[in-house]
Number of protein chains: 2
Amino acid sequence: MAKVSKNSSAEKRSAHQEQLIYERIFDVILDQKLAPGARLTEEALGEIFGVSRTIIRRVLLRLSHEGVVEIKPNRGASVTSTPVSDVDQYFEARRVIEGAIIRMAAGRASDYEINDLRSLIGEEKRYYESQTRGKGLRTSNEVHFRIAALAGNEPLADVARQLISRTALIISQYQDASQSACAYCDHTALVDALEAGDPDKAEHLMVEHIDHIRHTLHLSEESAPIDLFDIFSDDGEA
Amino acid sequence: MAKVSKNSSAEKRSAHQEQLIYERIFDVILDQKLAPGARLTEEALGEIFGVSRTIIRRVLLRLSHEGVVEIKPNRGASVTSTPVSDVDQYFEARRVIEGAIIRMAAGRASDYEINDLRSLIGEEKRYYESQTRGKGLRTSNEVHFRIAALAGNEPLADVARQLISRTALIISQYQDASQSACAYCDHTALVDALEAGDPDKAEHLMVEHIDHIRHTLHLSEESAPIDLFDIFSDDGEA
DNA sequence: AATATCTAAAATGTATACAATCTTATTTTA
DNA sequence: TAAAATAAGATTGTATACATTTTAGATATT
C-alpha cells in the first residue's frame, strides 16, 4: 500500500543524466569531432542519448549560455565558431583575470593542494605524450580551474572557468593537433611560484603562459561537416 | 485559479516575448518586490504572462545560469539569497575586473560616447531624486555596462556584465531603500577621468566607487514572503 | 497534547503532439 | 538552360498530458 520503490539505480542516473550528456557533447567538441559551425539537431541527439528533446534542449541552452554553442531562432544550435578577429580578446581577458587570480592565490595554497596540482600536471603530461589530445586539453583546463579556486574568490573563479572553457573551444578550433603546446612545462613553473608565495613571479609566468598558448594557434579559416551518429557511437577515447 | 490569460499587448511578438518576461522578472526582483528566497513557481508565472510552463522554464533556466535564481531538483526556482559571507567576494571581483576594464577604456571613448554616458548619468540622477529605486539601480548598472563596453574587449565586458547584474541582486538584498548610494556623483567623476584619458585616476576612482557602494550595505539577515500575483499585476513603476 | 502516519493537493520532470518555420528538391516558366 | 515558384520534408517552437516528487493537512495513535 505504501509507495512502491522503483529501482533506484535508474532514478539516480536520471539526476546526473543531463550532466553526463552535457559533458559528452562538450568533450566531442573539444576533441574536434564536431567542428565549429556543425549543427546539433535536437532529435538526433535525443535518439543518440535515449532521451526526449526536452532534455537535449536544456543541455543546449546551458551550452549556449556558456558560449560553446550558438542558438539562432528557428535554426537551432551549432558549435560556436570564433572569428579570427575575436581570438586575441579572449586571451587578453584571460591574462587580466587569471593574472589577478594567481596573484591572489600565491602563498595561499596548502601543501596538500600543491601536491594535488603536481599530480594533476603529471597526468596531463602523460596524456600529451600519449597523443590523446582532447583529454590533455581538458586536464590542462582542470589545472587552471584549480588554480582559480585557490584564490579563494568564488565569483572570480567562476568567470575564470567560463573564459577557460571558452578558450578551450578556440584552441580546438585553431590549434594543430601536432602542436600540443607543452602546457605542463609552464604549469610546473606556475605551481613552483605558487608554492614559493611569489605573486609577482606567479603573475608574470601566468601572463607568459597564456601568451604562449595564444602563439601556438594558426589563425586561418576552416571547417568540416560531420555526421552526428558516427561521432557519438564510436568513442575514440580508450 | 482562473485560467484567464492576461494578454497585455505583447502577444504577437513571440520572438521578444521571452526577453520581456526575463526582464520583467529580473526587474521585480531588483525592486525588492520579490525577496531573496521567494519561490518562483512555473505555473503561476505562466498564467501571469499568458504562456505555458515551457517558456517560463527557459527564462528561469537563464536566470539560474546568471546566478539570479537558484533551481533545486524537484524543488523549483527561488530568488538567490547571497550569504553575508559571500558579499565581499563579489565586490572584490568587481574591483579587479572593472578596475582593469576602465583602465583599458580610458582615452578610448569618442566624444559621442562620452556625451551619451553623461546624459545617462543625468537620467540616473533623476531616478534617484524621484525615489524610484529599482529604475535607479538599473540605470546605474547601465552606466557600468557602457563603460565595460568602451574597453573594446567583448569577453571581458561580458563577465563584467554578469558580475554587475549579480551585484545588483546583492545590493537589493542588503541596501536600505533610503540609502541610495549617490552613485551618480561617483559616475560623473569616472567619466571625467575617462574623457581625460587618465588610466591611473580612472582605475582609482572605480575601485573607490565600488568600495563605496559596498559600504552602504547593511549586512544582516532578513526575509519576506510575498504573493506572486499581487506583485506582477500592479506595476509600482512610473 | 504531541507525534506519527496517511491522504490529497500542488509542483516539478519528462515525453509527446501539433503548429510554425526553415530547407531542399522538384517542377514550372521565361 | 537558368531562374522562379512550389511542394514535401525536416527542424524548431510551444502547449499539454502524464508521471514523479514534494508539501501540507487531516486523521489516527500514544
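The values are calculated or read from the model by the stated rules, or taken from the named source; none is laboratory data. Source: prediction; values computed, not measured. Neighbour counts run over all protein chains shown; Cβ positions are idealised from the backbone, glycine included. Note: areas computed on protein heavy atoms with side chains; ligands, DNA, RNA excluded. Shrake-Rupley method; radii C 1.70, N 1.55, O 1.52, S 1.80 Å.
Once the label point is set 7 Å along the Cα-to-beta-carbon vector, what list of distances in nm do you get between residue B:108 and its counterparts in the other copies?
The answer, with the shortest distance listed first, is 2.7 nm.
Can you give the FRET efficiency for residue B:43 and residue B:71, using 1/(1 + (r/R0)^6), R0 = 22 Å, r = Cβ-Cβ distance, to the nearest 0.05?
Values: r = 15 Å, r/R0 = 0.70.
After rounding, the FRET efficiency stands at 0.90.
Any idea of the total accessible area buried by the B-A contact, 1.4 Å probe, rounded to 100 Å²? Before the final figure, lay out the partial values.
Numbers: alone 12630 and 13030 Å², together 23860 Å².
By this definition, chains B and A bury close to 1800 Å².
In peptide B:87-95, what is the residue-averaged number of other protein chain Cβ atoms found within 10 Å of each Cβ? Working shown, then result.
Numbers: counts 0, 1, 7, 4, 1, 7, 12, 2, 1.
Across the residues of B:87-95, the mean count of other-chain Cβ atoms within 10 Å is 4.
Using the Cα gyration tensor of the stretch A:84-214, with a ≥ b ≥ c the square roots of its eigenvalues, what is the shape: rounded (a/c below 1.5), prolate (a/b larger than b/c) or oblate (neither)? Walk me through the numbers before you get to the answer.
Details: a/c = 1.78, a/b = 1.22, b/c = 1.45.
Oblate, since a/c reaches 1.5 and b/c is not below a/b.
Tally up the carbon and sulfur contribution to the accessible surface of the stretch B:84-214 as a whole percent, 1.4 Å probe, everything protein left in place. Display every interim value, and only then the final one.
Details: 2360 of 5270 Å².
For the stretch B:84-214, the apolar C and S fraction of the accessible surface comes to 45 percent.
Under 5 Å between amide H atoms, partner at least 5 residues away or on a different chain: which partners does residue B:69 have, H built in plane at 1.01 Å?
HN-HN under 5 Å from residue B:69: B:64, B:80.
For a quick check: with amide H placed at 1.01 Å from N, whose amide H comes under 5 Å from residue B:40's, ignoring anything fewer than 5 positions away on the same chain?
Under 5 Å from the amide H of residue B:40: B:77, B:78, B:79.
For the stretch B:14-81, count the residues as N, evaluate 2.2 N^0.38 Å, and divide the Cα radius of gyration by that value, please.
On the way: Rg = 10.9 Å, N = 68, 2.2 N^0.38 = 10.9 Å.
After normalising by residue count via 2.2 N^0.38 Å, the value is 1.00.
In whole Hz, what ³J(HN,Hα) sequence does the stretch A:190-196 give by Karplus (6.51, -1.76, 1.60; θ = phi - 60°), x for Gly and Pro?
Running phi through 6.51 cos²θ - 1.76 cosθ + 1.60 with θ = phi - 60° gives 4, 5, 4, 5, 4, 5, 6 Hz.
Over the whole of A:156-165, what's the average partner chain Cβ count within 10 Å per residue? Rounded to a whole number, please.
Details: counts 9, 2, 6, 10, 2, 0, 4, 4, 0, 0.
The per-residue average across the peptide is 4.
Kindly rank A:51-63, A:133-145, A:117-129 from highest to lowest mean number of other beta carbons found within 10 Å of each residue.
Details: A:51-63: 18.8, A:133-145: 20.8, A:117-129: 17.0.
Order by mean packing, descending: A:133-145, A:51-63, A:117-129.
Relative to the Cα centre, what is the charge dipole magnitude of the stretch A:84-214, using +1 at the beta carbon of each Lys and Arg, -1 at the beta carbon of each Asp and Glu, and rounding to the nearest 20 debye? Provide the component values of the computation, followed by the final result.
Working: 15 positive and 22 negative charges, 75 e Å.
Its charge dipole is roughly 360 debye.
How much accessible area per residue does the stretch B:14-81 have, in Å², with a 1.4 Å probe?
Details: 3180 Å² over 68 residues.
So the stretch B:14-81 comes to 47 Å² accessible per residue, rounded to a whole number.
Given points 7 Å out from each Cα along the Cα-Cβ axis, report the residue B:188 to residue A:24 separation in nanometres with one decimal.
About 6.0 nm separates the two model spin labels.
Quick check: Cα centre of the stretch A:118-147 to Cα centre of the stretch A:100-114, how many Å?
19
What per residue convex hull volume, in Å³, comes out for the stretch B:67-120 when only alpha-carbon positions are used? Kindly include the intermediate steps, with their values, before the conclusion.
Numbers: hull volume 7.7 nm³, N = 54.
So the per-residue Cα hull volume is 143 Å³.
Across peptide B:53-65, what mean number of C-beta atoms from other chains lies inside 10 Å of a residue's C-beta? Kindly include the intermediate steps, with their values, before the conclusion.
Values: counts 0, 2, 0, 0, 4, 3, 0, 0, 5, 4, 0, 2, 5.
What the average comes to for B:53-65 is 2.
In nanometres, what is the gap between the two model label sites at residue A:108 and residue B:118, each 7 Å from Cα along Cα-to-Cβ?
4.1
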